[in-house]
Amino acid sequence: MVRVGLALVAVLSAASVAMDEEDGMNSNVFAYLEQEAAPVMPQLAWNASDATEHETWRLTFRAKLVELLGRWPARVPLAVHWDEDDVLETDGFTRRKVYIRSEEHYWVPAYYYIPKGLEGKAPAMVCFHGHSGIMPYIREGTEAERDKGRAHALDYAAYFAEHGYISLAVVQRGWNETRNETPHSCHRVTMDSFLLGMTPVGLRTWDAMRVIDFLLTQDEVDPERIGTAGLSGGGTTALFLAAREPRIQLAMIAGYFCTFRDSIFTIHHCICNCVPGIMQWGEMSDVAALFAPRPMLIISGDEDRIFPIDATKRAYAELETTYAVLGAEERDQVDLGMLHKDIDRGDQFAVHAGRIGDEADPLAPDPLEVFFEEDFIAESDLHFSDRLGSFFTGIIPGSPSRFRPCLL
């Protein structure tokens, strides 16, 4: 009886939709929202013709973006608590657990990696996990979490440290020990922050800025060479941090860069991706343009089901124009082809970067590179799968003293 009833409802619903279409009526909420979105054009879209116009635009759009990200927490004096019971020693690095005070009522948990045998100052990477939580990204946790990290090569924070870089893996608000009543608390963080005039993207970006405050107090960190890297939800935070924070000199964004209209607006995503009102003012390429002409590496999969590759390519074309206007077109290395598993990643990235051998200028980075990956595992529960780890593995140089193109 239940199945018959459901079938009848389905038939009646289909008939109703057909009747609505014939009468020019619509009762579908997404169809309505699509109609509302159709005429919306970003009021502060990038449209500069030279560096002076870019700077004028940058100041205006940056101020609007800060406003859209919501009320910022009140700054408090930096405070740090080291968990002396949570230290990991490996052949390649020492990993320590640290809590960094972000605001009066919140401390950011993070994992701080220092390479073994480090001499002098080294560049540092602030790393953000995606919606699998922190453990698969740091080679720790349950066996299932470790397996996921190994299967998808999510361990870029540890890998950075094994290759001579300071790295800090941040536990994003709503995940792991920061969560509340559910396995992750993105919904709680989003709904409650919205009610308080804040946003999860804004809060996570604020936490990242306080993390940089912490890094600048560490003797081993080179303050002129701080970068950020993230996959998926980590890519969200990394991109907005890069747009907001002048102390970031390199951004590596994987499994996120696209357009708001074709991805966040159109396709189901975690609600934590939402920045209210942003489509009225700018697109994702505009957010990235705030970072120009500093080096940015964008990694996307051509079968990514929630960040469509065609929209990513359009967004990249917009961003490429920004870099060209700023005089970086001759150094802009772009790969719109497909890389396969059987290609030697180290050689390929050296070629794309345009710098091979010790004669390369370590302080003359190419400003932007894009790679569209063909053979990532589309059926994986991680929409970008293992491609981030593979790419990071391929492009990190052996010598930590070099600030290479699009990488530290």
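Details
- Residues (in contact (Cβ under 8 Å) with a residue 60 or more places away in the chain and not charged (D, E, K, R)) located in segment 121-136: Ala122, Pro123, Ala124, Met125, Val126, Cys127, Phe128, His129, Gly130, His131, Ser132
- Residues satisfying the stated conditions in segment 156-185, i.e. in a loop (DSSP other than H, G, I, E, B), over 18 Å from Ala208 (Cα atoms) and charged (D, E, K, R): Glu181
- In the set Ile264, Ile212, Ile253, only one residue is without any contact (Cβ under 8 Å) to a residue 24 or more places away in the chain and either under 20 Å from Arg58 (Cα atoms) or of a type outside the set (Lys, Arg) (or both); that residue is Ile264.
- Only listed residue being at pLDDT 95 or above, among the basic types (Lys, Arg) and more than 23 Å from Gln280 (Cβ to Cβ), chosen from Arg225, Arg188, Arg210, Arg244: Arg210
- The set of residues from segment 42-58 being exposed (fewer than 10 other Cβ atoms within 10 Å of the Cβ) and free of Cβ contacts under 8 Å to residues at least 60 places away in the same chain comprises just one member, Thr52.
- When residues of segment 134-148 are limited to those that are crowded, with 24+ Cβ neighbours inside 10 Å and part of a helix (DSSP H, G or I), the one nearest to the chain's Cα centre (by Cα): Tyr137
- Qualifying residue in segment 92-101 (condition: part of a loop (DSSP other than H, G, I, E, B), touching a residue at least 24 places away in the same chain (Cβ under 8 Å) and out of contact with any His (no Cβ under 6 Å at 6 or more places or on another chain)): yes
- Condition check for Asp155: closer than 23 Å to Ala79 by Cα and touching a residue at least 24 places away in the same chain (Cβ under 8 Å): no
- In the set Gly234, Gly202, Gly174, only one residue is at positive phi and among the small types (Gly, Ala, Ser); that residue is Gly174.
- Restricting segment 169-192 to residues that are closer than 15 Å to Pro109 by Cβ and of a type in the set (Lys, Arg), the residue that is surrounded by the fewest Cβ atoms within 10 Å (Cβ to Cβ): Arg179
- Taken over segment 94-133, the criterion of being hydrophobic (A, V, I, L, M, F, W, C), more than 22 Å from the chain's Cα centre (by Cα) and modelled with pLDDT under 95 is satisfied by Leu118, Ala122.
The values are calculated or read from the model by the stated rules, or taken from the named source; none is laboratory data. Bear in mind the structure is a predicted one, so any value in this text is a computation, not a measurement. Using ideal geometry, Cβ is built from the backbone for each residue, glycine included, and neighbour counts are taken over all protein chains shown.
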